[in-house]
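The block underneath contains the structure these notes are about, expressed in structure tokens.
The values are calculated or read from the model by the stated rules, or taken from the named source; none is laboratory data. Every value quoted in this text rests on a predicted model; they were computed, and no experiment measured them. All Cβ positions, even for glycine, are placed from backbone atoms using ideal geometry, and neighbour counts span all protein chains on display. These accessible areas exclude ligands, DNA and RNA; they are computed on the full protein's heavy atoms, side chains included. Shrake-Rupley method; radii C 1.70, N 1.55, O 1.52, S 1.80 Å.
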Amino acid sequence: MASISLKKIVKQYGQQAATIPGLDLEIRDGEFMVLVGPSGCGKSTTLRMIAGLESVSDGELRIGERLVNDVAAGERNIAMVFQSYALYPHMTVFENMAFGLRVRKTPDAKVREQVEATARALGLEPLLQRKPGELSGGQRQRVALGRALVRNPDVFLFDEPLSNLDAELRTQMRAEIARLHRTQGTTSVYVTHDQVEAMTLGDRIAIMNGGRLMQVGTPAELYSAPDNTFVAQFMGSPPMNIFSGQRDGTRLRTAFFEIELPTATAAALPTELQVGLRPECLSTTGTAATLNGRVEMIECLGHEGLAYLAAGDTQLRAKLAMEQLPQTGTDAVLRFNPADLYFFDTNGERIAATSVEPAGTALETAGA
Amino acid sequence: MPDLRKYLQIAALWLLGASALLAGPASAEEIRLWHAYRGEEKAALENLLERFNATVGHNSGHTVIPLAIPFDSYADKLSAALPRGRGPDLFIFAHDRIGGWALSGNTIAAVDDFASAAILERFPQPLRDAMSFEGKLYGLPFNFKSVALIYNRDLVPEPPATAADMLALAKRHTDQARGHFGLAFEYTEPFYHGALLNAGGGAFSADGELQVDSSGAVGALHTLREWLATGALPSEPTSALVSGLFNQGRAAMVINGPWMLSEIDPTIDYGVAPLPLLDNGEPLSPWAAVEGLFLSPASKHPQAAWALVEFLTSDEAALEMATTGKQLPANSAAFSFPEVQQNPVAMAFRKQLDTAQPIPNLAEMTLLWTPLRTALQRTVKGTATPEEAARELQAGVQQDIDTLRAQQQALTNQQNTQAAPLWPWLLIPAGLIAFLLTGTRRRRIAAGLQEHRTAASFVGPAAIGMLVLVFFPLAYGLLLSFTDTTMFNEHTPLSSRWAGLDNYVAILSDWRIWNESGVRFDNFYWTLGITIAWTLVNLALTVLLGLGLALALNKPFRGRNLVRVLLILPWAIPNYITALIWKGLFHPQFGAINQFVVLLGGDPVAWFDTVTASFFTGVITNVWLGFPFMMLVILGGLQTIPSDLYEAARMEGASRWQQFRRITLPMLRPTLLPAVVMSVIWTFNMFNVIYLVSDGAPAGANDILITKAFRIGFEKYQYAYASAYSTIVLLLLLAYAIWQTRVTRMTEAAK
Ligand SMILES: Nc1ncnc2c1ncn2[C@@H]1O[C@H](COP(=O)(O)OP(=O)(O)OP(=O)(O)O)[C@@H](O)[C@H]1O
Ligand SMILES: [Mg+2]
């Protein structure tokens, strides 16, 4: 078991601009760290550098106390589960799981014992003599997990291990991975696209974009205190509404509403800014501030629905209970609590320590 | 009307198939003439035929229809057509087959009744002798050829008069270091050895008995060794080497025939003279090959054909052949025309004829060529003394002759020497079809055809083609292997040739791999052993080399595509060309390989003299030819292995070697197996490489089964024995293929 430390890690492929221009990330011992971010942002590259499958162009990579920049993959005592499972097709499940032990010249009796123990834990016992071609996708995934577990590594790496499974199996395997981490407590780094996986599995989540780390934090922190519009929009479904606003004195004007700001808050804000509001913070009831917009479209999701509102060129989504959904084509008036507003500068950075006190004195004006 | 189009296409396919089976019949007023002439000689012949058609033929109402047949298939075509009465009325062919044809009957007609004394006066005595066999005349001589001395006039102003002069001169013009030689000729070729052999009394005595171990014949071998001992002659001479040296001014004199003249570089000023006299005053007397005009016994117009023969040997025709055709006409009158007399080359060859000997036209002679070549090679290389070589030659050929004579004896005892009709052969497929068409089978087949009518009609033409081109020859070969057919009894009824399993017993029960003088290289089991060793060594090396290169090429590096194309090139060049190039590279004196060895300070290797070195030459050539295929197959296989398997293995700490052993190799198996099967079959039967590079040297030790079968069939003319050999090869490969698929299926099932 070990912590992982990335200091100013750079990855450069050939002459092009660095894929990862300098990444700092500390993963604690026993932590389950999830890497998320849009496609091509460098999640796999980061993971593969930790694994030793990709060289580190610059910076310091440590596992435990050891500097591993130049340590071969096989020497790092790391196990990795691949998206494609990467099972050896010509070997039985047993041989697949025993491979790593055997190349390390573990005695046969010990190999048998360890493989069988792991197989038992994962319910793979009846499959030991089959070849990967004779297994279902879920079983293969389980074997890939087993192969990683059997060596008792210091670190587990997962690169989108569940993306080839159907929704139901995915939930089931997710639970399994969570259980394994609970019982074994091995430091894990998990790459995924899937927010739900990230939220449910991760002790902490690192959000990446364009090779840069946008924010690291527990799922709750990322949701409630995003550092920037990217994180704000990345976490939560549907994403946070962001639209531009203008401050004029203590008045904040946006396409949907105009409110009066407390003086302290107003002082901290620039005149041009971006305003964020989560769709789930809107409703038709309550005493808070109101906003107006034209209903362009309605989406029903069962017990709740989405209303798409437009004011001029600006759009906004609201998540409402079914009975609150307005009619398409009508002008709707929705209510929100100004305390739920987030403020970002025009570069998308959160303007810290700004929230609107629930004054209840906010003025309402009709949106343009 | 898509249907109509389809049926038209099918009809066209059927017509193609059918037309291949039909041959047009000849018209009554035509005289058919077959020949294998090309170029100038063909032009001269066609001029003459035109003249004949306009004059003599016109008057008698006959037209000559000539047919030029490719030289390679000419003899076979004649042997197949003439005894069955389906050949030409007359044909032009070398005289040395007369004996065999005369004995087997029905192939050439005796012409004593036609040939008047006046006509015979046209030809010198040796040429008349050449056309006679056992007191009968079989046709008239047309043109002749023999070797003479061709010399570079810049180096040799006056041709030498005696052999001693010739060698002294040759020695003076030799500079081995620079690759210059005084004298070059293909002295290991029996035809060229004729000059020495005939001066020593010839291969056969006056009454036709083999005498290649006579003191004269042994003396001829000694003389050859003495000539070579001067160092004035290049080693391993081939016709390309001889003419190449002469053209580069690196050979002062060569012994060669008129066929070389057209290849001589125009910058070389050359002269031709008869071969010199030996020390005892006897002339060197080369063999003369005579082209004769022969009548078919089945000709329906013998008179008209004979008129053409007389016309073609007339003085006028001889002049045309000499001038336009650049030939040496058999009619001596040609050489008294001023046009020809002014040609010193033609006159020199004519003069050589006076001391030349026609090649014996005995059937026995055909059995001598190949063994004589082996004896010459052994003498030259010093693996046998002239006495030993001559004794073994005499014994071996005499045995073949005895077999042949016994067969002929049996033939003359039989009254029926009619050509075997072809139609009984049709009974076999007919019987097969009849069997297939009985009872329920017929209904099932008919239903199948009905159901897949379109498919069947598309497959039909190809199936018939296969039947004719593959299965029929196969069945014929199989049948032949149960007979004792040779060149001399081919046309007799099959029943008289039936020999049951004799050939197989003879081949398989001969366990005498060794005798007192060493390994018997013509033993089946020796050859089988060599073939298996050949196959395994080649397979191992091509797979290893292919694997190594594929692994190297599988990694990206600069210029990879270029390297890949370069490595595929050996495969893209026709293999016989590559084989000939390698043969040249291995030449002991001129080959680049030995030059390199010498450069490195080694001694030149006599590549074709020992069993292992000679084996090695074939292996190198074949590996060169074979590795690109393996490389491509393996490269394809490597690219199907997902890279994440290697990553997973790296994560688990597997070394490169472990990755290769545990992942690469097992995952290559499915691609490699079929390639190995194919490679085994190709290599097992890799005729070209063996035949063209080592040619089985030394003494047939490195022949593989298929080249051995070829030699038995086409150098010894033991067709049936060769068929049995080929059948055994076929069975061996079949057994291998079955075994291999079994094994593959078993391992697949085990997966
Ligand atoms: N071998 C390589 N050579 C050059 N560029 C590469 C190489 N491998 C990856 N990249 C680039 O690096 C960037 C990051 O790739 P990476 O695979 O880490 O993305 P990712 O975040 O895992 O995306 P996804 O979610 O689609 O898997 C991409 O822009 C990719 O094009
Ligand atoms: Mg990825």
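The figures follow:
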quantity: Between A and B, accessible area buried - total, square angstrom, nearest 100, 1.4 angstrom probe; calculated: 1900 Å²
quantity: Residue (of B:TRP582, B:ALA552, B:THR610) at the positive-pole extreme of region B:529-704, dipole from beta-carbon charges; calculated: B:ALA552
quantity: Cα gyration tensor shape for chain B, rounded if a/c is under 1.5, else prolate or oblate; calculated: oblate
quantity: Pairwise label distance in nanometres, B:THR238 with A:ILE298, each label 7 Å out on the Cα-Cβ vector; calculated: 9.3 nm
quantity: Cα gyration tensor shape for region A:116-162, rounded if a/c is under 1.5, else prolate or oblate; calculated: oblate
quantity: By average C-beta atoms within 10 angstrom, highest first, the peptides B:53-60, B:523-530; calculated: B:523-530, B:53-60
quantity: Additional length obtainable on full extension of the chain from A:SER244 to A:LYS7, 0.36 nm per residue less Cα span; calculated: 81.7 nm
quantity: Nitroxide proxy distance, nm - points 7 Å out along Cα→Cβ at A:GLU280 and B:GLN248; calculated: 9.1 nm
quantity: Low-density loop positions, chymotrypsin sites (Phe, Trp or Tyr not before Pro), region A:223-253 - DSSP coil, at most 10 other Cβ in 10 Å; calculated: none
quantity: Helix-only mean residue ellipticity at 222 nm for chain B, each DSSP H run of n ≥ 4 adding -39500 (n - 2.57), per residue, nearest 500; calculated: -17500 deg cm²/dmol
quantity: Pairs beyond 22 Å (Cα-Cα), from B:LYS326/B:LYS351; B:LYS583/B:LYS708; B:LYS77/B:LYS136; B:LYS171/B:LYS381; B:LYS42/B:LYS77; B:LYS42/B:LYS326; calculated: B:LYS77/B:LYS136
quantity: DSSP-defined beta bridges in chain B - what % are antiparallel, rounded to 5; calculated: 65 percent
quantity: Pairwise label distance in nanometres, B:ARG560 with A:GLN327, each label 7 Å out on the Cα-Cβ vector; calculated: 6.6 nm
quantity: B:GLU134-B:ALA68 FRET efficiency (beta carbon distance; Förster radius 30 Å; 0.05 resolution); calculated: 0.45
quantity: FRET efficiency for B:GLU121 and B:TRP369, using Cβ-Cβ distance with R0 set to 35 Å, rounded to 0.05; calculated: 0.60
quantity: Within chain A, helix-based [θ] at 222 nm, where runs of 4 or more DSSP H residues each add -39,500 (n - 2.57), nearest 500; calculated: -7500 deg cm²/dmol
quantity: DSSP-assigned coil residues among chymotrypsin sites (Phe, Trp or Tyr not before Pro) in region B:145-208, each with at most 11 further Cβ atoms within 10 Å; calculated: none
quantity: Sites B:MET746 and A:THR171, calculated FRET efficiency, Cβ-Cβ separation with R0 56 Å, nearest 0.05; calculated: 0.85
quantity: Relative contact order of chain B, defined on C-alpha pairs under 8 angstrom at six or more residues apart (%); calculated: 14 percent
quantity: Å² of accessible area per residue within chain A, as computed with a 1.4 Å probe and no ligands counted; calculated: 43 Å²
quantity: Charge dipole magnitude, Cβ of K and R +1, D and E -1 - chain B, Cα centre, debye nearest 20; calculated: 3960 debye
